[in-house]
Amino acid sequence: MVKRKSILKSILFYLAIFALVIFVVYPFIWMLSVSFRYDSDAFDPGVIPKRPTINAYMELLGLKESIRDELSNEEKQLLDLVKDLPEEQQKPILDKIYSQRKKESFPFLRFFLNSLLIAGLSSLISVIISIFGAYAFSRIKFPGRGTIQKSVLLVYLFGGTILAVPLYQIFVKIGMTGNGYKGLVSLFVIYLVQTLPVSLYMLGNYFRTIPETIEEAAIIDGSSRIGIITKIIIPLSLPAIITVFIYAFMIGWNEYLFASIFIRPYPQFYTLPIGLNEIFYSDHAIWTKMMAASVMTSIPVIILFMTMEKYLVGGLTAGGVKE
Amino acid sequence: MAILDNYSPLKKKEAIFGWKLVSPTVILISLLILYPVFYNIYLSFFDVSLSLGENNKFVGFSNYINILKDITFWRSFGITLLFTFITVVGSILLGLGVALLMNKKFFGRTLVRSLLLLPYVTPLIAIVFSWKYVLLPIDGPLTKFLTLFGFSSGMDIINDPNNSFIVVSIFNIWRNFPFIYLMILSKLQSINDDYYEAAEIDGANSWQKFLHITLPELYFVIGSVALLRGIWNFYKFDEVYLMSKFANTLPIYIYEKAFTGIPQQGVAAAIATLLFLFMMSLIGIYVKKVLKW
């Protein structure tokens with residue numbers, strides 16, 4: 001009797017786990033499935049693609065010309081005709097063809113590189129600044145430390161929604177809008193500041209777990225504080241530092257609100273979230289490509305997370321904060 | 001440096017060094033977070049001009065008066081409160097359930113644990129597209145599945161103003177429960193087994209053990225997670241906006257007022273200020289009453 005009850009219980013248990021896994025991975029399964037299909041098969045029923053292909057990936061990576069990128073016959077004929085025309089008549093027709101073609105492109109690689117640059121750079125600088133800040137918080141006594149620490153924590157309570165208007169006004173006033181480069185710099189500074197509190201908090205918590213006796217020994221040996229940070233603290237907390245870097249990187253990689261405020265007029269400078277979202281609402285929303293782009297957007301982050309999972313889970317619960 | 005007068009020279013040197021280390025952080029956060037919060041309040045009293053060189057016009061409280069008379073504002077406010085409530089309660093219940101399941105050892109647990117992190121770690125834009133795909137009218141696989149339960153297959157669930165709120169809430173719960181599950185699980189694993197053994201000797205059943213040992217132990221974790229998620233979800237812009245433009249929460253309203261159509265940034269600043277003040281007082285009450293700090 002007891003046995004039967006426990007069998008029933010474990011069946012229910014595994015059913016619950018199974019339902020949970022389906023619930024979690026369902027959208028991902030379709031993302032993968034559709035990304036390996038031909039455009040015309042995007043809505044075929046069944047999870048497993050009947051004619052699997054890496055077409056969409058090849059096109060996004062520029063390894064293969066999309067049909068849409070190839071000149072249509074009509075355009076080719078037009079080009080031939082244009083050759084014989086006088087120059088001033090040639091220009092508007094050529095411009096029209098090029099603008100048409102530009103409209104038809106899906107510059108995934110450019111978005112990807114923009115995101116990589118801005119998320120990578122802002123999180124790198126954020127981590128460097130917070131190593132010093134967090135060290136001061138966890139080891140050095142100075143008046144005002146408590147207040148500063150509390151204000152840094154308080155900053156968590158200010159969402160981007162609250163800051164969007166004033167930040168936009170400030171950046172307009174100091175002339176940091178008007179072209180794509182300036183927009184990118186504005187984003188860099190904003191991402192840097194948005195990730196600082198998280199980085200400081202997590203690193204501070206970690207540094208406190210490093211025994212101070214190691215440092216005392218180094219001080220007796222004549223090492224300076226800076227020497228201690230670079231030669232002892234950084235090597236000892238490398239996993240934590242990388243974890244924090246990944247968090248900060250993700251914030252920049254995901255950010256949409258400020259990107260849409262500062263770089264929407266400059267398609268050359270789009271990051272992945274804004275670039276893909278703009279394409280989604282254009283004529284180029286081909287599901288296979290959108291899904292392949294989604295997979296490739298996720299891969300760097302998922303790889304980072306999976307390799308660091310052990311530290312991440314600890315860091316997440318210790319730091320408690322990501323957004 | 002009057003504050004440092006009663007410090008010994010060595011301590012003084014240390015303190016100055018400490019300040020040097022934190023100064024970049026302090027400067028950046030003051031300039032780009034604290035100052036904007038106050039500047040926002042200042043702007044809310046102006047008719048903010050968008051062209052350079054043209055001055056902002058002081059309008060006193062009229063931005064506030066306009067908002068308080070604006071029915072769309074009140075509706076968005078109500079929707080935002082409901083959204084926050086549903087997503088916080090939903091993701092905590094789900095997170096708690098999952099944490100209890102994952103606290104048992106079973107075959108394949110490591111794999112399941114990594115899969116559970118996926119919704120939380122995958123870039124937002126990517127999962128937004130896959131959700132939009134599965135919920136497409138007629139062809140979307142989830143839509144097709146839902147027709148088995150009486151849904152009509154032609155319904156555009158995401159872009160229907162009546163349903164988009166529900167979709168966005170479920171999406172938010174789906175995306176954020178792993179965060180809560182992780183926090184609860186790590187607390188669960190630190191509860192001393194002796195308590196459960198003692199309760200068993202006293203004849204307690206599983207439900208009683210959960211109610212009298214597990215829940216009280218989890219009180220503060222759940223309380224703090226609810227606070228964090230509450231704050232974040234209240235301000236949540238991207239997850240809502242990218243998923244559906246028809247969900248009409250207050251952050252979306254601010255964004256639309258400030259950056260689309262004919263921008264009224266003074267009004268947007270006033271809404272943001274109200275949101276901020278409301279949030280701050282709510283947090284104050286919560287921290288006192290629930291977390292008992």
- Query: Among B:Leu32, B:Trp131, B:Ser164, whose Cα sits farthest toward the positive end of the charge dipole of chain B (+1 at Cβ of Lys/Arg, -1 at Cβ of Asp/Glu, about the Cα centre)?
  - Reply: B:Leu32
- Item | Estimated inter-spin distance, B:Leu215 and B:Ala198, nm [label 7 Å along Cα→Cβ] | 2.0 nm
- Estimated dipole of the protein assembly as shown in Debye, rounded to 20 [Cβ of Lys and Arg +1, of Asp and Glu -1, Cα centre]: 1540 debye
- Note on the structure: Percent of all Cα-Cα pairs per 5 Å bin for region A:216-258, counting from 0 up to the last occupied bin, reads 6, 20, 17, 14, 12, 10, 9, 7, 3, 2, 0
- Query: How far is helix A:87-103 tilted, in degrees, relative to the longest principal axis of the Cα atoms in chain A, given as a value from 0 to 90 rounded to the nearest 10?
  - Reply: 50 degrees
- Over chain A, how many percent of alpha carbon pairs lie in each 10 Å bin up to the one with the longest distance? 5, 18, 23, 22, 16, 10, 5, 2, 0, 0
- Query: Relative to the longest principal axis of chain A, what angle (0 to 90°, nearest 10) does the C-alpha long axis of helix A:287-307 take?
  - Reply: 20 degrees
- Would you mind working out the magnitude of the charge dipole of region B:152-231 relative to its Cα centre, with +1 at each Lys and Arg C-beta and -1 at each Asp and Glu C-beta, to the nearest 20 Debye? 360 debye
- Task: Just add up the charged neighbours of A:Val25: K/R +1, D/E -1, any other residue whose Cβ is under 14 Å from the Cβ of A:Val25.
- Result: +2
- By how many nm would the segment from A:Lys231 to A:Thr307 grow when fully extended, if each residue of separation counts as 0.36 nm and the alpha-carbon distance is taken off? 24.8 nm
- Task: At 37 °C and 0.692 mPa s, grab the translational diffusion coefficient of the protein assembly as shown from Stokes-Einstein with a Kirkwood Rh over Cα pairs, rounded to a whole number in µm² per second.
- Result: 121 µm²/s
- Note on the structure: With label points set 7 Å from each Cα along the Cα-to-Cβ direction at B:Phe85 and A:Ser10, the distance between them in nm comes to 4.4 nm
- Quick one: putting +1 on the C-beta of Lys and Arg, -1 on the C-beta of Asp and Glu, what dipole do you get for chain B around its Cα centre, in Debye to the nearest 20? 360 debye
- Long-range HN-HN contacts of B:Phe46 with modeled amide H, under 5 Å: B:Val59
- Hey, for a label at B:Arg75 modelled as a point 7 Å past Cα toward Cβ, could you say which residues of region B:244-259 have their backbone N under 19 Å away? B:244-258
- Enumerate the amide H contacts of B:Asn159 below 5 Å, restricted to partners 5 or more residues apart or on another chain; note that Pro and chain-start residues carry no placed amide H. none
- Counting Lys +1, Arg +1, Asp -1, Glu -1, what net charge surrounds B:Thr143 among other residues with beta carbon under 14 Å of its beta carbon? -1
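Is there a simple number for the mean count of other chain Cβ atoms within 10 Å of the Cβ of residues in B:174-181, and what is it?
Partner Cβ neighbours, averaged per residue: 2.
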- Note on the structure: With T = 25 °C, eta = 0.890 mPa s and Kirkwood Rh from C-alpha pairs, the Stokes-Einstein D of region A:2-66 in µm²/s is about 168 µm²/s
- In nm, to one decimal, how far is the A:Leu109 label point from the A:Asp84 one, both placed 7 Å along Cα→Cβ? 3.7 nm
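Rounded to the nearest 500, what is the 222 nm mean residue ellipticity of the protein assembly as shown from helices alone, with -39500 (n - 2.57) per DSSP H run of 4+ residues and division by all residues?
That comes out to -23000 deg cm²/dmol.
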- Any helix of chain B counts here only if DSSP assigns it H throughout, its Cα atoms span 24 Å or more along the axis, and its mean Kyte-Doolittle hydropathy is at least -1.0, and such helices are B:9-29, B:71-102, B:161-188, B:215-235, B:265-289
- Report the local net charge at B:Ser91: Lys and Arg +1, Asp and Glu -1, summed over other residues whose C-beta lies under 13 Å from its C-beta. +2
- Query: Hey, got the average number of other protein chain Cβ atoms within 10 angstrom for residues in A:13-19?
  - Reply: 3
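Ranking request for peptides A:10-21, B:117-128, A:264-275: highest mean number of other beta-carbon atoms within 10 Å first, then the rest in descending order.
In decreasing order of mean packing, A:10-21, B:117-128, A:264-275 become B:117-128, A:264-275, A:10-21.
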- Residues of B:32-45, mean number of Cβ from any other protein chain within 10 Å of their own Cβ, rounded to a whole number? 5
- Which value, in Å³ per residue, describes the convex hull spanned by the Cα atoms of region B:94-188? 122 Å³
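No lab work stands behind these numbers, since they all come straight from the coordinates. Computed from a predicted structure; not experimentally measured. Positions of Cβ are generated from backbone atoms using ideal geometry, with glycine treated the same way; all protein chains shown enter the neighbour counts.
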